[in-house]
Amino acid sequence: MSSRRSFLKQCSISASGFLLGRSRALSAMAHAMPAQANTLNASTLTPFVDPLPIPPVAKSSGVKPSPSSPKTNVPYYRLAAQPTEVKIHRDLKPTRMWGFGGSVPGPTLEMRSGEEVLVEWANELPQQHFLPIDYRLHGAEGNPQVRIVTHLHGGLVPPDSDGYPEDWYVPGKSLTYHYPIHQDATMLWYHDHAMGINRLNIYAGLFGAAMVRDKVEDALNLPSGKYEIPLVIFDRLITPDGQLYYPISDKPRAPWIPELFGDAVLINGKLFPYLEVEPRKYRFRVLNGSNARFYTLSFQNGLSFHQIGTDQGLLPSPVSLKKLELAPAERMDVVVDFSDSRGEQIVLKNDAVGVLQFRVSAAKVSDSSSLPSQLRPVPKIAESEAVKTRLLTLDEYRNLAGDVVELLLNASYWHDPVSEKPAQNSTEIWSLINPTDDTHPIHLHAVRFQILDRQKYAPWLYQSKKELRFLGPRVPPEPFEAGWKDTAGAHSKMVTRIIVPFNSYPGRYVWHCHILEHEDNEMMRPYEIVAG
Ligand code: C2O
Ligand code: CU
Ligand code: CU
């Protein structure tokens, strides 16, 4: 439902918006304003000519003493953000990007629950940014162009290793973060979080996957090794000479745009790749790493996905799906069985567009992996456990011309005093009240949560009289999101209730919308877990 609205919106942007972009380019030339580049129509490229790349696994460069117990040595990694060139398609010139370890996505971090790791996140970027900074945005004004700070999304880590947006640092500097991993097996991801420019840094390529493993997962005998494959999906606009294009608004002094949608959908850094598979079960770890695009993935031949996990870990039992719906930053853990598709070529589509082709080999193979019917218990948190309910609005502000100028959480700016201060180890319900026309994927750092329900309400009454009148029944979460989450779609004109145990470290974290253009323009707030 939500993604449908976003889809419609995306359509209108990529149809009429594109034309607008072109006519703007013409008038821009006439007025000697900065020229708008033309973009390539990705659908004119030959699909399925490049093999799907698998991001390298990060290699530790030795051990270092743990900050918490200096007598123990823990694995130490160094991941440097560097300029790089990525060959995204056979028929395109290499694309200039920024990647950790020089790859996009960066190397995959492999971690085990119960272990600690140290990661030195180094900034080895040039002094100048190559994407259009909007200096009016909080955090960008008066600061160096190139700044990074890396966040481990979904990692339940101490505040001083969480990548607080204001803890950015410039080229030549680095920060070493300590990740004591005490959480269930799942797919996390790391990405830039620098205040006011993280939409541009992530667009440039500063992100990668991170896997947490544990004994529960080991015991399930899921497809593993070369049969477990990350699919990191992100959309871009590409110029005819193969370079990244990030559009600006028609106001040169206010270049921020409310959402970035690209027609080039890349998977693991390739445009329309193919993957050779055997006729057997595979496990795919799917991540939506896009700035703003929602995906609806399906197989052209109607093959099913068996979803086994959400953002924060395994579901109680597999859910069979024909479509995977992912908002920005969401992850899905799925098993796909190709054993009945010997010799076939199967296209994975996003809506109507083929984005990845599977080439299933013809010869029968043996498959000793399993898809168990029971995975991991996910005890439902009772509403009665919540000590507090917070009503929090998601707000969008437009100017007289109807353009979105900024977005806020609960009508507050980033620099307003901290208002959400849950007590450590307490449980709260956050009611996300969304009067806007869009789904906002809301993400909280440092915790995992469950979605309680969503309910239609009367936005005008709440806006004018603070009266919360519901217009429909409480809708439970979809089966595919009824597990542990760290990002939840707060749907348009609905109140989405999440229940959050703040079983984390005390200190300052953030919560925000994961549409990166929104996050960079005030739809992010600090929050504080209070000890005691
Ligand atoms: Cu994906 Cu604040 O994070
Ligand atoms: Cu996060
Ligand atoms: Cu948003």
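The values are calculated or read from the model by the stated rules, or taken from the named source; none is laboratory data. Computed from a predicted structure; not experimentally measured. Ideal geometry is used to build each Cβ from the backbone, glycine not excepted, and the neighbour counts take in all protein chains shown.
Taking the listed residues 320, 339, the one that is in a loop (DSSP other than H, G, I, E, B) and surrounded by fewer than 17 Cβ atoms within 10 Å (Cβ to Cβ) is 339, with no other qualifying. In the range 361-399, the residue that is surrounded by the most Cβ atoms within 10 Å (Cβ to Cβ) out of those that are of a type in the set (S, T, N, Q) and under 25 Å from residue 430 (Cβ atoms) is 393.
Criterion applied to 142, 114 was being surrounded by fewer than 17 Cβ atoms within 10 Å (Cβ to Cβ), of a type outside the set (S, T, N, Q), at pLDDT 95 or above and over 22 Å from the mean Cα position of the chain (by Cα), and the one residue passing it is 114. Restricting attention to the range 365-424, the residues that are assigned to a strand (DSSP E or B) and under 22 Å from residue 505 (Cα atoms) total 6.
Restricting attention to the range 318-332, the residues that are within 8 Å of the chain's Cα centre (by Cα) and within 14 Å of residue 189 (Cα to Cα) add up to 4. Restricting the first member to the range 155-173 and to residues that are at negative phi and modelled with pLDDT of 95 or more, and the second to residues that are within 15 Å of ligand 1 (Cβ to nearest atom) and of a type in the set (Asp, Glu), the beta-carbon pairs closer than 8 Å and six or more apart or on different chains are 155/162.
Filter the range 480-532 down to the residues that are among the basic types (Lys, Arg), within 25 Å of residue 384 (Cβ to Cβ) and more than 16 Å from ligand 2 (Cβ to nearest atom) and list them by number. Selection gives 497 alone. Is there a residue being acidic (Asp, Glu), within 28 Å of residue 138 (Cα to Cα) and surrounded by 21 or more Cβ atoms within 10 Å (Cβ to Cβ) anywhere in the range 239-256? Taking every residue of the range 239-256 in turn, none turns out to be acidic (Asp, Glu), within 28 Å of residue 138 (Cα to Cα) and surrounded by 21 or more Cβ atoms within 10 Å (Cβ to Cβ). Elements of the type strands (runs of 3 or more DSSP E) sitting completely within the range 37-149 and holding at least 2 residues that are closer than 17 Å to residue 169 by Cα: these cover 73-86, 95-100, 116-123. Between 464, 431, the distinction of being over 26 Å from residue 322 (Cα atoms), surrounded by fewer than 17 Cβ atoms within 10 Å (Cβ to Cβ) and either small (Gly, Ala, Ser) or touching a Cys at 6+ places or on another chain (Cβ under 6 Å) (or both) belongs to 464 only.
Selection of the range 165-193 for residues being assigned to a strand (DSSP E or B), acidic (Asp, Glu) and surrounded by fewer than 23 Cβ atoms within 10 Å (Cβ to Cβ) yields an empty set.
Would you confirm whether or not the range 506-515 contains a residue that is more than 16 Å from ligand 1 (Cβ to nearest atom) and touching a Lys or Arg at 6+ places or on another chain (Cβ under 9 Å)? No. Of (1) within 16 Å of ligand 3 (Cβ to nearest atom); (2) over 21 Å from the mean Cα position of the chain (by Cα), residue 473 satisfies all except one. Which? For residue 473, the failing item is (1).
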